Amino acid sequence: MSVERLLVLASVLLLAACGACSGKEPKSPLNEISALYTSGAVDETVTRLRTYLQTAPRDELAWTILGHALLDQNKLDEAEAAYAKALEINPQRIEAITGQGRLFRMRQQYTQAMAAYERAIAIDASYAQAYSSMSVVALKQGHVDQAVAHGEKAYALDKANPLIAANLAIAYHYAGNTQKRDELTQAAQKLGYKAMDRLEKIFSGELEVRD
C-alpha cells in the first residue's frame with residue numbers, strides 16, 4: 001500500500017464525520033460507508049456509495065470518497081468523473097483536489113499532480129496531507145531536496161499523524177540523512193504507524209518507491 005493511499009485512508013473518516021469545511025452536519029449513512037472503506041472493503045464501498053448518491057446526488061463528500069475508492073479499483077476515468085462532480089458542487093473541496101493529485105500521480109503525470117496539491121494548499125495552507133503528498137510526488141520526480149522540504153512542512157503542521165512522519169522518514173532516507181530518518185521512523189512507530197515492515201524494506205533497498 002502506497003504512503004499516499006495511507007494518507008487518504010487516514011483522512012476519510014474525518015472527512016465524512018465532520019463536514020466542517022462545507023458546514024454540513026455529519027451523515028450517519030456516509031459515516032458507515034466511510035468506515036467500510038477504511039476497513040478495506042473497497043468494492044462494497046463503491047456499491048454502497050452509488051446507491052447512496054442516487055438519494056443524495058449533491059453530497060460532495062460522497063463523490064469524493066467514491067473517487068478515492070474508484071482509484072483503488074484502478075478505474076481512473078470513473079474516479080476522475082467523481083472528483084469532477086464533487087468539485088462542481090464545491091470547488092473548495094480540497095480532499096477532491098488532492099484526490100485528483102493522486103490520480104495524476106497514478107498516471108505518472110507528476111507536473112499535474114503537483115499542481116493539484118498546490119491548488120489545495122492555496123485554499124488551505126494548513127492542509128498537511130497535501131504537503132505530504134507533494135513529498136511523494138517530488139520523490140517520484142527525483143527531487144529529493146523538495147521531497148524533504150515538503151515533508152518537513154507537513155510534519156510541522158501535523159506532528160500527530162504517523163503517516164506524515166513515516167513519509168518524511170522516507171524522504172530523509174533518500175536524502176541520505178539516516179539520523180533524521182531514524183528519528184522520524186521512531187516517531188511514526190510511537191504514533192502507531194501500521195506499516196513498519198514497509199519502511200524497513202524501503203530502507204534496506206528491498207522496496208523502491210521512486211520511479
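The values are calculated or read from the model by the stated rules, or taken from the named source; none is laboratory data. These numbers were taken from a predicted model, which means no experiment stands behind them. With ideal geometry, Cβ positions are generated from the backbone for all residues, glycine too; neighbour counts draw on all protein chains shown. Side chains are part of the model used for accessible areas, which takes the heavy atoms of the whole protein and leaves out ligands, DNA and RNA. Shrake-Rupley method; radii C 1.70, N 1.55, O 1.52, S 1.80 Å.
Please state which of the following conditions Ala175 fails to meet, knowing it meets all the rest: (1) within 19 Å of Ile202 (Cα to Cα); (2) touching a Ser or Thr at 6+ places or on another chain (Cβ under 9 Å); (3) of a type in the set (Gly, Ala, Ser); (4) open to solvent by 20 Å² or more (accessible area, probe 1.4 Å).
(2)
Matching residues to (1) hydroxyl-bearing (Ser, Thr, Tyr); (2) under 16 Å from the mean Cα position of the chain (by Cα):
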site: Ser126; (1), (2): yes, yes
site: Ser132; (1), (2): yes, yes
site: Gln141; (1), (2): no, no
site: Ala149; (1), (2): no, no
site: His173; (1), (2): no, no
site: Lys180; (1), (2): no, no
site: Thr185; (1), (2): yes, no
site: Asp211; (1), (2): no, no
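Can you confirm whether Leu13 is open to solvent by 60 Å² or more (accessible area, probe 1.4 Å), closer than 20 Å to Ser132 by Cβ and either touching a Ser or Thr at 6+ places or on another chain (Cβ under 7 Å) or modelled with pLDDT of 95 or more (or both)?
Yes, satisfied.
Suppose we filter Ala187, Ala160, Ala165, Ala149 for residues that are assigned to a helix (DSSP H, G or I) and either in contact with a Ser or Thr (Cβ under 7 Å, 6 or more places away or on another chain) or open to solvent by 30 Å² or more (accessible area, probe 1.4 Å) (or both); which single one remains?
Result of the check over Ala187, Ala160, Ala165, Ala149: Ala149.
Residue under question is Leu139, and the condition is that it be touching a residue at least 12 places away in the same chain (Cβ under 8 Å), assigned to a helix (DSSP H, G or I) and within 27 Å of Ala188 (Cβ to Cβ); does it hold?
Here the answer is yes, as Leu139 does meet what is asked.
Is one or more of the residues making up segment 104-111 under 25 Å from Asn31 (Cα atoms) and among the basic types (Lys, Arg)?
no
Within segment 77-110, which residues are over 14 Å from the mean Cα position of the chain (by Cα), touching a residue at least 40 places away in the same chain (Cβ under 8 Å) and assigned to a helix (DSSP H, G or I)?
Selection gives nothing.
Can we say Ala113 is among the hydrophobic types (A, V, I, L, M, F, W, C), farther than 24 Å from Ala160 by Cβ, in a helix (DSSP H, G or I) and open to solvent by less than 30 Å² (accessible area, probe 1.4 Å)?
The answer is yes for Ala113.
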